[in-house]
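Structure first, commentary second.
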Amino acid sequence: MIAAIKVANAEHGATLKLARECTYSLTNNSGGNGLPVITQPITIKGDKSKIVRATGITAQFRIFSVGSGGDLRLEGVTLTGGQATAPGGGAINVAAGGTARLKESHLEGNSTTGLAAGGAINNLGTVELEKTTLERNISAVAGGAINNLGLLKIKESRFLSNNAGLAGGAINNGPTATTQAYKVELRGNRAVGGGGAIANTTGGIVSIHYAEITGNNAALAGGGIFTTLGARTNLRHVNLTNNGATLGGGGLANTVGSTTTIDDSKITGNVSNGVNVPGLGGGGAILNSAPVATTVVVLRNTEVSGNQATNGGGISNAGTVNLTTTKIVNNAALVATGAGGIFNSGTGVVTADPHTVITNNRPTNCAGTVPEPICFG
């Protein structure tokens with residue numbers, strides 16, 4: 001395969017076909033890569049084929065690197081066992097100006113070490129995934145499956161049981177990067193810091209339509225999704241369910257000047273059992289932290305139910321929350337003064353239209369003095 005890719009680069013691109021159900025084991029380490037850098041349009045078509053970093057060798061290297069101007073297309077290929085140091089991407093590293101397109105492929109058991117990000121993929125260019133699974137990849141820092149610093153497009157794909165040492169158990173969307181996802185599943189991913197499934201940071205944009213984000217966990221904030229530093233997140237037709245975070249935001253933690261808009265979705269069964277400080281901890285479904293004017297959560301036609309937290313079983317708010325035709329029902333706080341539905345700190349702002357329902361949350365008031373719908377602290 002090494003020789004075939006060299007020829008394809010020299011001849012301005014080619015289509016390579018792999019043998020059916022064949023495993024290609026790599027032992028070569030050339031500049032941290034198992035295969036030559038992709039510099040031309042190259043398509044690799046597999047038929048249940050595998051490309052693996054050979055077992056029993058100590059050298060650390062990724063499988064593919066795509067250089068500026070390179071365009072790698074993988075179809076029906078599994079990449080496994082890649083181990084990358086900086087800049088990252090245990091299976092694939094995509095440089096600025098490069099493109100990788102994966103269809104019906106599987107990236108499993110790839111990893112990074114040191115300060116390298118993107119257990120499976122580190123992207124500074126463009127990455128497109130279709131009907132592809134990323135499973136059990138590990139990043140030492142950010143993006144257990146993917147660290148995105150460019151443009152990431154995902155369609156009908158799954159992220160399962162990936163892990164990050166800091167942020168974004170499945171996906172870390174970094175400064176000014178854009179992630180667009182349609183019909184995706186993010187399940188069982190973990191982050192030691194924020195964003196069990198997704199971390200969106202520093203002006204990044206994440207747009208997700210139709211998704212199951214379930215069973216993810218963050219040791220700090222945002223069991224499902226964590227946003228910070230002016231990030232923009234848009235969710236539509238998303239089930240954000242059964243996620244957990246220790247500090248706050250079992251489903252979502254929206255922080256430090258970020259805006260999250262959620263339409264036509266369900267946020268159910270999420271848990272945060274940590275710090276009982278309004279605006280810093282709590283929020284079984286959502287933690288929305290200060291500052292008020294610029295940290296904003298908008299819910300439209302969305303159900304927030306069956307969540308629990310030390311404080312603010314549904315929402316813990318120190319920023320701005322706008323509710324339209326939304327249900328905040330059957331949520332629970334774990335302390336008597338914790339507000340089962342919404343706990344709003346002294347600086348927080350909550351607005352709700354007449355079609356919004358906030359009821360049947362436990363406890364139903366704050367220390368027996370302030371009735372629903374909203375407790376103020």
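The values are calculated or read from the model by the stated rules, or taken from the named source; none is laboratory data. Since the model is a prediction, treat every value here as computed from it, not as a measurement. Note that each Cβ is placed from the backbone with ideal geometry, even for glycine, and that neighbours are counted across all protein chains shown.
Points to keep in mind about this one:
- Number of positions in segment 36-59 that are in a strand (DSSP E or B) and on the phi > 0 side of the Ramachandran plot: 1
- Subset of segment 84-100 [among the hydrophobic types (A, V, I, L, M, F, W, C) and out of contact with any Gly (no Cβ under 6 Å at 6 or more places or on another chain)]: Ala86, Ile92, Ala100
- Residue within segment 296-310 that is in the same structural domain as Ala245 (by TED's automatic domain parsing), in a loop (DSSP other than H, G, I, E, B) and modelled with pLDDT under 90 present: yes
- Wholly enclosed strands (runs of 3 or more DSSP E) of segment 168-241 bearing at least 2 residues closer than 22 Å to Gly88 by Cβ, under 10 Å from the mean Cα position of the chain (by Cα) and of a type outside the set (A, V, I, L, M, F, W, C): 171-173
Rundown of residues vs (1) surrounded by 22 or more Cβ atoms within 10 Å (Cβ to Cβ); (2) among the polar types (S, T, N, Q); (3) within 17 Å of Gly125 (Cβ to Cβ), yes/no style:
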{"site": "Gly76", "(1), (2), (3)": "no, no, no"}
{"site": "Gly89", "(1), (2), (3)": "yes, no, yes"}
{"site": "Val94", "(1), (2), (3)": "yes, no, yes"}
{"site": "Lys103", "(1), (2), (3)": "no, no, no"}
{"site": "Asn110", "(1), (2), (3)": "yes, yes, no"}
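- Residue match in segment 117-135 (condition: of a type in the set (Gly, Ala, Ser), over 24 Å from Asp71 (Cβ atoms) and part of a loop (DSSP other than H, G, I, E, B)): no
- Considering segment 205-239, and only residues there that are in contact (Cβ under 8 Å) with a residue 40 or more places away in the chain and touching a strand residue (DSSP E or B) at 6+ places or on another chain (Cβ under 6 Å), the residue that is farthest from Gly284 (Cα to Cα) turns out to be Ala231.
- Residues in segment 60-114 that are assigned to a loop (DSSP other than H, G, I, E, B), among the small types (Gly, Ala, Ser) and at negative phi: 11 in all.
- Checked against (1) in contact with a Gly (Cβ under 8 Å, 6 or more places away or on another chain); (2) farther than 18 Å from Asn93 by Cβ; (3) of a type outside the set (Asp, Glu), Arg158 passes all but condition (1).
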